[in-house]
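Enquirer: Below is one structure. I have some questions about it.
The values are calculated or read from the model by the stated rules, or taken from the named source; none is laboratory data. These numbers come from a predicted model, not from an experiment. Virtual Cβ from ideal backbone geometry, glycine too; neighbours counted across all protein chains shown. All accessible areas refer to the heavy atoms of the entire protein, side chains included, with ligands and DNA or RNA removed. Shrake-Rupley method; radii C 1.70, N 1.55, O 1.52, S 1.80 Å.
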Amino acid sequence: MSRNCPNCGAQLETRIQRLKIVTCNYCDSVVMLEDDALRLAGRSGTMATVPSLIEMHRSFSWRGRSFTPMGHARIDYEHGFWDEWWVVEHGDGVWISVDEGDLAFERPLPHDSIQLDDWSRMRLGNGIVVAGRTLVVSEIGTGIVRAVRGELPEVLMPGQRFDYAHLSGPLSQLVTIENENGDITGTDGLWVDPFEIEIA
């Protein structure tokens, strides 16, 4: 289905399913997809170019599996910034978080798998039950979306704020829990060795 930017009229490049936002390559507008309608949601923000193992639309492989980055968000936090990449593998997507060279593959968790009724329980060293496992809170902070580009499966807008916590478990397990105005979501992931990433 052909879609055009409501700001400048340019054709929007969309390749992934279950798309929520896409940025216009011509005017840097962020366009929100609501059912079959398009809504101009703002500007994509400024994303300075930094050296990166992962690049938009440049496929890479990990342990024999092939992925293509389709969307990118940069998040500011207390110690600098980290990058979130939405990458697809045969139509299915996964998030890759990159922070100071460390990489984690993360998939969205079902809402009912997070046993947390009060965000104030998030304290460093506390155990939190997620999907039947108890993981330890290893980092707590606040993230602010700096910029977005490409295609993303959820709404992320420059200036958007959220609280987050990283939970650590054995065998490089990582769970990230986010709290945005009381809406708690999470991803289940795994830290990976960057040297296992092979660029196509």
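Enquirer: Can you bin the stretch 133-200 into rounded, prolate or oblate? Criterion: square roots of the alpha carbon gyration tensor eigenvalues sorted a ≥ b ≥ c, rounded for a/c under 1.5, prolate for a/b above b/c, oblate for the rest. Numbers along the way, then the final one.
Expert: Details: a/c = 2.29, a/b = 1.13, b/c = 2.03.
Verdict is oblate for the stretch 133-200.
Enquirer: How would the stretch 47-135 be classified by its alpha-carbon gyration tensor: rounded, prolate or oblate, with rounded meaning a/c under 1.5 and the a/b versus b/c comparison settling the rest?
Expert: Taking the square roots of the gyration eigenvalues as a ≥ b ≥ c, the stretch 47-135 is oblate.
Enquirer: Mind putting a number on the dipole of the chain about its Cα centre? Charges go on the C-beta only, +1 for Lys and Arg and -1 for Asp and Glu, and I need it in Debye to the nearest 20.
Expert: Value, rounded to 20: 360 debye.
Enquirer: Sticking with this structure for a sec: Quick one: grab the alpha carbon gyration tensor of the stretch 93-175, order the square roots of its eigenvalues as a ≥ b ≥ c, and give me rounded if a/c is under 1.5, else prolate or oblate depending on whether a/b is larger than b/c.
Expert: prolate
Enquirer: From the protein chains alone at 1.4 Å, what is the descending order of accessible area for T134, T142, T176, largest first? Present the calculation step by step, with values, prior to reporting the outcome.
Expert: Numbers: T134 100, T142 55, T176 10 Å².
Heavy-atom accessible area, descending, gives T134, T142, T176.
Enquirer: Let me ask something additional. For the stretch 87-178, state which trypsin sites (Lys or Arg not before Pro) are in a DSSP loop and have at most 12 other beta carbons lying within 10 Å of their beta carbon.
Expert: Working: sites: R121, R123, R133, R146, R149, R161; in loops: R123.
Here the sparse-neighbourhood loop sites are R123.
Enquirer: Over the chain, with a single point scatterer placed on each C-alpha, what log10 of the ratio I(q)/I(0) does the Debye formula yield at q = 0.14, 0.15, 0.18 1/Å?
Expert: -0.86, -0.98, -1.34
Enquirer: Pairs of Cα atoms under 8 Å, at least six residues apart: use those to get the relative contact order of the stretch 73-183, whole percent.
Expert: On the way: 198 pairs, mean separation 23.7, N = 111.
So the answer I get is 21 percent.
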